[in-house]
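Structure first, then comments.
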Amino acid sequence: MSVILDNAPADSTTLPPQPVVPENPVETGLPQRSATVSSTGTLLNYVPVACTCVSQSCKPDITSIRSPIVGIMDPQGIQHSSGTFSAKWNQLLFTYMIDPASSVANASVLLETDYWQLLYQDIVPPGNQTYTISHSVTDGLSQTDTSSFSYTVGITIGGSYQGITAQISAQLSQSFSRSVTVSTQETVTRTLPVPEQPYQQIVGLYQLMQTFGVVPATNLVQYITQMNKGFSLFNMHFSAGDSAIYPSQTYLWIMASDQPGHIAAHPVLSASQAAELVKASVDIRTP
């Protein structure tokens with residue numbers, strides 16, 4: 001198998017493994033996702049615990065909060081110390097903000113899980129000239145998504161759109177003790193020249209997806225269970241849906257064919273670098 005890999009980020013050791021290409025990729029298609037890689041970080045400004053309405057409709061009046069709860073976040077990302085909240089069945093009512101330094105939050109962590117997600121795949125016909133593939137892609141967080149992302153991972157935010165993404169980046173970098181960058185949303189065109197080959201090829205464009213969310217330890221799980229015994233209108237809970245997804249600016253091109261030994265993987269950090277990949281790549285041969 002021939003693997004071509006270059007222009008990887010400086011922290012490429014933290015990237016998830018490349019998608020496993022099947023034996024006949026042109027015939028079967030490329031995998032939708034890669035395997036994941038995960039790392040844990042420390043809790044940030046608060047631990048978010050979602051509260052969902054469990055009756056046909058609910059409108060509880062929260063007059064006060066007490067330790068370990070330090071605040072209430074409404075679905076729009078606005079913090080309160082009390083108030084009346086309303087929702088219908090199975091809708092998010094509000095989010096309790098738990099003190100990360102409390103005994104209740106002890107041993108809970110912030111989890112980052114990364115994977116490659118297939119965006120597009122194209123069949124390239126055999127030919128005697130270079131074939132160019134281009135796709136419009138979107139990365140970063142929209143202005144609307146910054147609020148939901150922030151209170152999902154437990155970050156208090158404020159200020160301009162660019163300022164909020166800078167705050168998120170700084171807080172995540174602090175949590176994981178390494179550089180984590182979250183950018184504002186943009187849509188760009190990613191282009192890759194595919195060298196001529198006498199056989200069909202399949203080319204897939206993957207995006208690095210990063211998810212962040214709190215993993216509750218025993219104390220927090222027990223606290224939620226005990227608190228829910230006193231609630232009739234809503235339940236506190238954690239679930240897989242409580243993770244925030246960040247579509248990163250790192251992309252991976254996979255070029256493969258049904259011919260043995262022809263697979264190439266290219267991490268692409270910018271549109272301008274894509275054109276240089278074929279010329280500057282290093283061919284690493286593995287068994």
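The values are calculated or read from the model by the stated rules, or taken from the named source; none is laboratory data. Values in this document were obtained by computation on a predicted structure and should not be read as measured data. Ideal geometry is used to build each Cβ from the backbone, glycine not excepted, and the neighbour counts take in all protein chains shown.
Give the residue that is nearest to the chain's Cα centre (by Cα), with candidates limited to residues of region 40-66 that are modelled with pLDDT under 95 and of a type in the set (Gly, Ala, Ser).
Ala50
Just checking, does region 263-271 include any residue being within 18 Å of Val49 (Cβ to Cβ), over 17 Å from the mean Cα position of the chain (by Cα) and not basic (Lys, Arg)?
No, every residue in region 263-271 fails to be within 18 Å of Val49 (Cβ to Cβ), over 17 Å from the mean Cα position of the chain (by Cα) and not basic (Lys, Arg).
For region 216-253, what are the residues that are under 15 Å from the mean Cα position of the chain (by Cα) and surrounded by 13 or more Cβ atoms within 10 Å (Cβ to Cβ)?
Across region 216-253, the qualifying residues are Asp242, Ser243, Ala244, Ile245, Tyr246, Pro247, Ser248, Gln249, Thr250, Tyr251.
List the number of the failed condition for Pro22; all other conditions in (1) surrounded by 12 or more Cβ atoms within 10 Å (Cβ to Cβ); (2) at negative phi; (3) in a loop (DSSP other than H, G, I, E, B); (4) in contact (Cβ under 8 Å) with a residue 40 or more places away in the chain hold.
It fails just one condition, (4).
Given region 71-186, what strands (runs of 3 or more DSSP E) lie entirely inside it while holding 1 or more residues that are loosely packed, with under 14 Cβ neighbours inside 10 Å and among the aliphatic types (A, V, I, L, M)?
109-124
Suppose we filter Asn235, Asn219 for residues that are touching a helix residue (DSSP H, G or I) at 6+ places or on another chain (Cβ under 7 Å), at pLDDT 90 or above and outside any strand (DSSP E or B); which single one remains?
Asn219
Please go through region 21-38 and pick out each residue that is of a type in the set (S, T, N, Q) and either under 14 Å from Gln117 (Cα atoms) or over 18 Å from the mean Cα position of the chain (by Cα) (or both).
Filtering region 21-38 down to residues of a type in the set (S, T, N, Q) leaves 24, 28, 32, 34, 36, 38.
Within region 21-38, Asn24, Thr28, Gln32, Ser34, Thr36 meet the criteria.
Can you tell which of Ala265, Ala170, Ala166 is touching a residue at least 12 places away in the same chain (Cβ under 8 Å) and not aromatic (Phe, Trp, Tyr)?
Ala265
Could we say that Gln197 is over 21 Å from the mean Cα position of the chain (by Cα) and in contact (Cβ under 8 Å) with a residue 60 or more places away in the chain here?
In short, yes.
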